[in-house]
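Values quoted throughout were computed directly from the atomic coordinates according to the rules given, and no laboratory measurement underlies them. Just so you know, these numbers come straight off a predicted model, no measurement behind them. As a convention, Cβ positions derive from the backbone with ideal geometry for all residues, glycine included, and neighbour counts pool all protein chains shown.
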Amino acid sequence: MMSSTRESGAAPYVTLSRVTKSFGASSPALDDVSGIIRGGEITGLIGPDGAGKTTLIRLMTGLLVPDEGSLSVLGFDSRSEAARIHDAIGYMPQRFGLYEDLSVQENLNLYADLRGLPLHERSGVFEELLRFTDLKNFTRRLAGKLSGGMKQKLGLACALLQKPRLLLLDEPGVGVDPISRRELWKMVENLTAEGVGVVWSTAYLDEAEACDRVLLLNQGKLLFSGPPSDLTERMGGRVFKVTGISGRRREFLAKVLDRPGVIDGVIQGDAVRLVMRSDAKGEPLLEGAGVEVAPTQPRFEDAFVDLLGGGPGGTSQLAEAVKALPAQDAAPVIEARGLTKRFGDFTAAQDITFSIPRGQIFGLLGPNGAGKSTTFKMLCGLLKPTAGQGRVAGFDLRRDTAEARNRLGYMAQKFSLYGDLTVGQNLEFFAGVYGLRGKGKSQRIALMNDIFDFGPHAKMSAKDLPLGLKQRLALACAVMHEPEVLFLDEPTSGVDPISRREFWTHINGLVEKGVTVLVTTHFMEEAEYCDRISLIYRGQSIALGSPDELKVRVASAENPDPTMEDAFIALVEQSQAEAVAA
Amino acid sequence: MSNAGQSVSLGAARNRQLRTRRFLALVRKETFQILRDPSSILIAFVLPLILLFLFGYGVSLDATRTRIGLVVESATPVTQDLAASFQGSRYFRVINGHDRREFEEDLIRGRIRGIVVIPANFAGDFASGNAAPIQVLVDGSDPNTANFVQNYAQGVVANWARMRSAEVGSRLPVIKPEQRFWFNPELASRNFLVPGSVAIVMALVGTLLTSLVVAREWERGTMEAMMATPVTAAELLAGKVLPYFVLGLISMTLCVLVAVFLFGVPFRGSLFALYTISAAFLLPALGQGLLISATTKNQFLASQLALMSGFLPAFLLSGFLFEIESMPVVIQWITMIVPARYVIPSLQTVFLAGDIWPLFLRNIAILLVMGTVLFVLAARSTRKRIG
Amino acid sequence: MWWVRLRALILKELLAVLRDPKGRFILIGPPIIQLLVFSYAATLEVKNVDILILNQDSGVAGYELVQRISGAPSFRHVLRTEDPAEIRDAINMQRVMAAVRIDATFSRDIAAGRPAPVQIILDGRRSNASQIVSGYLTQIINGLAADAAKANGRLAAPVSVEPRNWFNPNLDFLWFMVPNLVASIALLIGLVVTALSVARERELGTFDQLMVSPLRPHEILIGKLVPPMLIGMFHITIFILAAVFVFGIPLRGSVVLLYASGFFFLASVVGIGLFISSLSMTQQQAILGAFLFLVPAMLLSGFATPIENMPEWLQPISYMDPLSYFLVIVKGVFLKDLGPWDVALNTAPLAVIAIVTLSSAAWLFRRRME
């Protein structure tokens, strides 16, 4: 059915010509976007949240029509021939489009019927897809009871039933752990070999790097279109890795970032990675004993940050405004002692033990459903451990009083703000709840407004804020009362790299002042900011150590310098192998 | 030429086959979901039984044993005889007294609903043929009960007077009203409330449940995935309607069984008429549910709208409990567009009176027109487009 | 310290409900529309009834009876027919609620002093209304009988009944319905607002945020309790004003007593709402739960039909229904000038319900945190 369109010059699968789409009166979701998508390739639709990725995909499905311009999908006009398009595409929306109260097999049957898969082909196709997605043993399980990664594979299987010519995947990687993401990627890559055109939208820039071609969107505008390497190559000779830093690397990064010529910098374990301005030729001049600077491979993210005009500076006004906490005794601030949680006969977390000294960042990593959220919730007092004990600043948060909770700040996934309240009202509320009042309260709120620049948005409802601002507001609400301890649950999921950097600048600054941080994350680069990491898998801590220690543990002859993601995957696989052996 | 024609018709046949299969797939999916979702079981089976139970037992307009205070200001054979008539009445539970002030407090507190006063000079006057009036004081804060107490008290007195005059042989002209309550001679309000509540149950399933499920599909993003498949909007709608139509008929059947076998409500019509009427009513109910969910796409709003535009009007503006003729004209106009208004009399008839087809056909025709209008509107707002 | 936290929470809860124009509308628009529409629609009064008369009598008495029925204010159309079969048809099709059949011998029987029957045929499918219509017709016929006696120079009917309606002299249904609606709509609003408040926070994930804050469970509970009560008080106020100034219902008792018991009523309603809320994980469950409580609470409260008409084994259920007590108070204070002692007697059960539901909500609240 499908002829290969590998050769260049073949008609593109999708042609976008000057597409504009607005919702309501605000600035357009897509503004004059033109481009093409080819068969046999993975085209990445890249951009921060709110860039217009979902709108563009929906336009390609014909479920939305453009205000101006036109789209041609597989030769059909999206306005007048949407039905023809639906016959030929596979589409997986953000939440996978599965019926949670139907079983895996029932979902497959439904979509097979809807897509008109002939009966005699079914057993073969089902067999192949179930093998392909590794869901063979779960056909009778309800889709709602699958893990995030499995749901995503099932969603993909449903989109692939009647082999589509064009496959549209809207953020298939969100909320899914690195292992599942890698597997999914492999599955999709196999499809392109058969000539299928794939559109993969994502906010993860490491995924972008692997695409054949990317469309880079920001605030509805197309910034770049072409192979990602074109963009990355521009960064040649501008990226450096700094090792051998004596003393505190966070402090070092903060100083370096404020220098002219440095546009971006992140922490990578014990090292620091720097990106230089294009006009600042050569390597950055750095003083300090033993500091070594070596050029390193540029990444897509470097190019992206560069394209958006560079990251924020290194100083955090927020941290400056905070009194340094006395570096008292060495007693740990957060302590988990044999934390165990059982739900019925299912053990969500077993015998988790670690301790975090003052002024450190501790990361909880692990695949979906492995138990990191359970552990996190037990420590901040939201769940009662079945056995063991968690203590924060010497208190057991389940038993001890309001005063104990006053010492911690909490920022949840999805930035749980009150959407119907304005920015100012959210700040007022959290200030009040943490017992701030009178002059102290108005001063702190004014300070937050100042640091995070809420001024122009003060009267907006929190739910209408762009994601980056939501995250800033959530952070402001969590730190307004100057907590000693910060609990961060996937604090940057979905936000763009610039906002992410700004966020970490603040966190780094606070940590320098003696604040202790416990963070869960799916972003492997974020794990690099941690002083120590506990990798949780199947309810158990399978590895505990600094990022570099974990990387060293999986280094091998063929991969002497593994990334954090490599380490994560290798350690999980190792644990799986041990479990099988045992 | 003939070849081309053949392939066209083959293609058409295959298309038809595909369409049927898609439709059946949607129906099957919806059926599984109904069976697995506790909230649909709750709305389709538990809630109807609770409602029926409440209307069968709890809500009764039959004031059978209303408490009243009976004041006999002076005890004579005549007044005792009249008092005995009150005490013997099956409508009253009588508390005896000699002074109305004994009862005033009770009337204020609502412990009794009325006071009947047989005045001191009644007996003497009665003999002279010029009796003082018997006073009936009722608690007007509940006008319906007050009316009943007045009517029944009047009835008791009139009966007594007739018997008395017959005894003394006086030749009073007697006009005797003979009441016949057709269809419901025992005057049980249950007999008309229970059939009416069957309609309310169908409104709940058709409007509330349907609007909730469709809105849930929008919220969970499954609607979007469906729309990007070759399914047409008409198939989507039909795939929703059929299962809930059947579900509505099933919960109706359940209610009818309970009504007939547990509550002993007579069923004098034919099953064919019952199902025809119910089916005709489910069309506008489902259409309304689909329209609500297609326009709100949000479960909370959908449920509020469904309650406000489906359940409450079916309850209050349909003639179920409150007589439409007694409402102000403006509100009578509003009731014209309440589908339940047309089904409740038909259901009451099929239960109590039997098959009266001219009545059914008129109501069914109106329901079909309403159903068509609502479906057209729903189909228009469910085009295969987002936003 | 705690009052600072609490104030922040209460303020937030109020803002969450009232800031959004749509939310404000939902809270204020429908209740007022409901009050207006249902006050007029929910009437058990019977008027504008259509009647069919088959008069086979050619005498004066028959003519007189037809005239009297035609002149009665409760009847809208009084139709005439000559065909006995028409009666069946008109009742079957519900063109009329009742038919009156006067026999050919009617006038002669009266003149001769023989019993003269008049048949009244009523539509039992609407047995409530038809009983009332039967009452109207019987009254007219009895009146005719008495006058006929006088005209014939015989003894007048010796006994008459003098009805007197306390508290509501014209038996105006509005006087009954509006106070009822004041109580029931306050129940509806209070219940929905509270039932959703915790469930919504659970669904949006902000509930965890509250739980890790220094707020203690009982503070959260109070914070969730006060705003719906304020909103409920606001509604009660609006409704009382509307009752007095729009509907012209007399307010004979003490407003202070009304508000005092209203406070306990709302506390019990909010307690039930919180109880439902802490049981449900999603907003949909909360809505269904509230609905599941609301329908029986309305129907068994004595709102539409008196509690004493219910079978005795069912009556105890209405003892648990806060609405049944508050209805007595509202109607009592409005129409009967109910005294402090009686108000207190009906308020005490409300306080008990409030205490029981609030403490079990608090208990569930903590259990659910595990």
Over 19 Å between Cα atoms: which of A:Lys341/A:Lys372; A:Lys441/A:Lys463; A:Lys153/A:Lys186; A:Lys53/A:Lys221 fall into that group? A:Lys441/A:Lys463
Please pull out the direction-averaged projected area of the range C:177-268, using the convex hull of its alpha-carbon atoms, in nm² to one decimal place. 6.8
Rounded to the nearest 5, the percent of antiparallel DSSP beta bridges in chain B equals 25
Length gain on complete extension for the stretch A:Gln574 to A:Arg248, per 0.36 nm per residue less the alpha carbon to alpha carbon distance? 114.1 nm
Just in the range C:43-145: which GluC sites (Glu not before Pro) are loop by DSSP and have at most 14 other Cβ atoms within 10 Å? C:Glu82
Here, the range A:234-313 modelled as identical Cα point scatterers in vacuum has Debye log10 I(q)/I(0) at q = 0.16, 0.27 Å⁻¹ of -0.52, -1.51
Starting from the Cα of B:Lys29, draw a straight line to each of the aspartates and glutamates and keep only those under 19 Å, dropping any in the same chain fewer than 8 residues away. A:Glu100, A:Asp101, A:Glu106, A:Asp113, B:Asp37, B:Glu217, B:Glu219, B:Glu224, B:Glu235
Taking 0.36 nm per residue of sequence separation and subtracting the Cα-Cα distance, how much length would be gained by fully extending the chain between B:Asn96 and B:Thr20, in nm to one decimal? 19.9 nm
Calculate the dipole size of the range A:14-231 relative to its Cα centre from +1 charges on Lys and Arg beta carbons and -1 charges on Asp and Glu beta carbons; express the result in debye to the nearest 20. 380
With the charge dipole of the range C:49-151 built from beta-carbon charges (+1 for Lys and Arg, -1 for Asp and Glu) about the Cα centre, the Cα from C:Ile87, C:Ala145, C:Ser127 projecting farthest to the positive end belongs to C:Ser127
FRET efficiency for A:Thr20 and C:Thr105, Cβ-Cβ distance as r, R0 = 60 Å, nearest 0.05? 0.10
Using Cα positions and a limit of under 12 Å, work out the aspartates and glutamates in reach of A:Lys459, with same-chain residues fewer than 8 apart set aside. A:Asp420
Each label point is 7 Å from the Cα along the Cα-to-Cβ direction; what then is the distance between the points at A:Leu119 and C:Ala85, in nm? 5.7
Extent of the range A:14-231 along each principal axis, from alpha carbon coordinates, in Å, largest to smallest? 46, 37, 34
For helix C:60-71, what angle does its Cα long axis make with the longest principal axis of chain C, in degrees from 0 to 90 and rounded to 10? 20
For the range B:152-273, count the residues as N, evaluate 2.2 N^0.38 Å, and divide the Cα radius of gyration by that value, please. 1.98
Which value, in debye to the nearest 20, gives the size of the charge dipole of the protein assembly as shown about its Cα centre, when Lys and Arg are +1 and Asp and Glu are -1 at the Cβ? 1740
What are the semi-axes of the equivalent ellipsoid for chain B, taken as the square roots of 5 times the Cα gyration tensor eigenvalues, largest first, in whole Å? 60, 21, 16
The range C:210-347 - Rg (one decimal) and Dmax (whole number), Cα, Å: 17.0, 52
Between the Cα axis of helix A:564-581 and the main Cα principal axis of chain A, the angle (0 to 90°, nearest 10) is 80
Computed over the range A:14-231, the relative contact order (Cα-Cα under 8 Å, seq sep at least six) in percent reads 32
For the protein assembly as shown, state the semi-axes of the equivalent ellipsoid (square roots of 5 times the eigenvalues of the alpha-carbon gyration tensor), sorted largest first and rounded to whole angstrom. 74, 39, 23
Positive-end extreme of charge dipole, chain A - chosen from A:Val176, A:Pro93, A:Gly381 (charges on Cβ): A:Gly381
Treat every Asp and Glu Cβ in the range C:1-134 as -1 and every Lys and Arg Cβ as +1, leave all other atoms uncharged, and give the resulting dipole magnitude about the Cα centre to the nearest 20 debye. 1100
Computed from every Cα-Cα pair in chain A, P(r) in 10 Å bins starting at 0 and rounded to whole percents is 3, 15, 25, 27, 19, 8, 2, 0
The answer for chain B, counting only DSSP H helices whose Cα atoms cover 24 angstrom or more along the axis and whose Kyte-Doolittle average is 0.5 or greater, is B:233-257, B:271-296, B:357-381
Any chance you could get the radius of gyration and Dmax over the Cα atoms of the range B:66-168, in Å? 13.2, 41
The protein assembly as shown: antiparallel DSSP beta bridges as a percent of all, rounded to 5: 45
Modelled FRET efficiency - R0 51 Å, C:Arg367 with A:Glu68, Cβ distances, 0.05 increments: 0.35
